[in-house]
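Report on one structure; see the data block that follows.
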Amino acid sequence: MKEVNPKETNRAVSYEYFIDAQMPMVTIFKTIDVTNIINISKGGYKFNMLFCYCIVRAAMLIPEFKLLPIGKQLFEYDKLGINVIISNKHGHLSFCDLPYHQDMDIFNQDYLRLTKQVYETCENYEIQDTMIVGTSALVKYDFDGVVNMYSGKLNNPFLAWGKYMVKDSRNLLKLSFQFHHVQMDGEQACIFLDELQNQVQRL
């Protein structure tokens with residue numbers, strides 16, 4: 001990661017308008033058809049791993065994901081990863097960062113190894129110098145979306161979803177996508193969500 005001058009990036013205008021905003025986060029809701037992932041998961045893969053893989057693949061295609069405001073500074077990253085929340089063996093929440101790898105089987109191996117490690121040790125696993133996409137999967141519950149709190153410290157993009165529903169032989173998943181307005185605008189966020197659907201279909 002390296003600090004960049006906001007005025008020398010395509011985020012210059014948004015930086016000027018939103019870096020001092022009291023609530024600079026934006027949330028967009030979308031329904032994703034995850035039928036293809038459901039079918040693939042029957043072959044032994046975990047649904048959450050497959051969906052996280054699609055999320056990072058889609059994010060890799062959006063240049064704004066590699067920029068992140070931290071305080072008043074803007075940083076550029078050359079690596080992306082994703083975070084999952086785990087209920088550890090004591091029933092408490094733990095956090096696990098997963099590195100992205102283009103090869104899905106390698107990503108799957110890391111997913112299984114690191115989530116098991118965090119479950120057993122009850123210690124968070126963090127990756128440094130990587131732009132992390134946050135996630136929260138509440139797969140036992142049916143809800144329409146989540147608007148997360150803004151702490152002023154964690155500006156990372158964040159996706160949340162619950163239980164998928166079956167409609168007309170399709171498996172539909174409602175999700176919410178929260179992002180810092182300095183990092184991207186609504187257009188880039190919508191392009192990302194459309195690309196996420198594409199990645200799910202092409203998996």
How many residues of region 6-40 are of a type in the set (S, T, N, Q) and open to solvent by 70 Å² or more (accessible area, probe 1.4 Å)? The answer is 3
Under 6 Å between Cβ atoms, at least 6 apart or on separate chains: pull out the pairs that start in region 82-103 with a residue that is over 18 Å from GLY162 (Cα atoms) and end on any residue that is modelled with pLDDT of 95 or more and among the small types (Gly, Ala, Ser). ASN88/SER94; ASP97/GLY81; LEU98/GLY81; PRO99/GLY81; TYR100/GLY81
Pull up region 177-198, narrow it to residues that are of a type in the set (S, T, N, Q) and open to solvent by 10 Å² or more (accessible area, probe 1.4 Å), then point me to the one that is nearest to ILE132 (Cα to Cα). GLN188
Any idea which residue in region 149-158 is farthest from the chain's Cα centre (by Cα), counting only those that are among the hydrophobic types (A, V, I, L, M, F, W, C) and part of a loop (DSSP other than H, G, I, E, B)? MET149
Checked against (1) open to solvent by 70 Å² or more (accessible area, probe 1.4 Å); (2) over 19 Å from VAL34 (Cβ atoms); (3) modelled with pLDDT of 95 or more, GLN201 satisfies every condition except (2)
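Conditions tested, residue by residue: (1) at pLDDT below 95; (2) open to solvent by less than 40 Å² (accessible area, probe 1.4 Å); (3) part of a loop (DSSP other than H, G, I, E, B).
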| site | (1), (2), (3) |
| --- | --- |
| LYS89 | no, no, yes |
| ARG113 | no, no, no |
| LYS116 | no, no, no |
| GLU120 | no, no, no |
| TYR141 | yes, no, yes |
| ASP144 | yes, no, yes |
| VAL147 | yes, no, yes |
Per-region count, region 1-20, residues in a helix (DSSP H, G or I) and not small (Gly, Ala, Ser): 8
Residues being surrounded by 22 or more Cβ atoms within 10 Å (Cβ to Cβ) and in contact with a Lys or Arg (Cβ under 7 Å, 6 or more places away or on another chain): count how many of those fall in region 155-176. 2
How many of the residues in region 21-68 are of a type in the set (Asp, Glu) and either in a helix (DSSP H, G or I) or on the phi > 0 side of the Ramachandran plot (or both)? 1
Within region 159-187, residues over 18 Å from TYR53 (Cα atoms), among the small types (Gly, Ala, Ser) and part of a loop (DSSP other than H, G, I, E, B) come out as SER169
Could you check region 41-87 and list, in sequence order, the residues that are among the acidic types (Asp, Glu) and open to solvent by less than 20 Å² (accessible area, probe 1.4 Å)? GLU64
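The values are calculated or read from the model by the stated rules, or taken from the named source; none is laboratory data. Because the structure is a prediction, the values reported are computed rather than measured. Please note: Cβ atoms are built from the backbone with ideal geometry, for glycine as well, and neighbour counts cover all protein chains shown. Quick note on the areas: whole protein, heavy atoms, side chains included, nothing else; ligands and nucleic acids left out. Shrake-Rupley method; radii C 1.70, N 1.55, O 1.52, S 1.80 Å.
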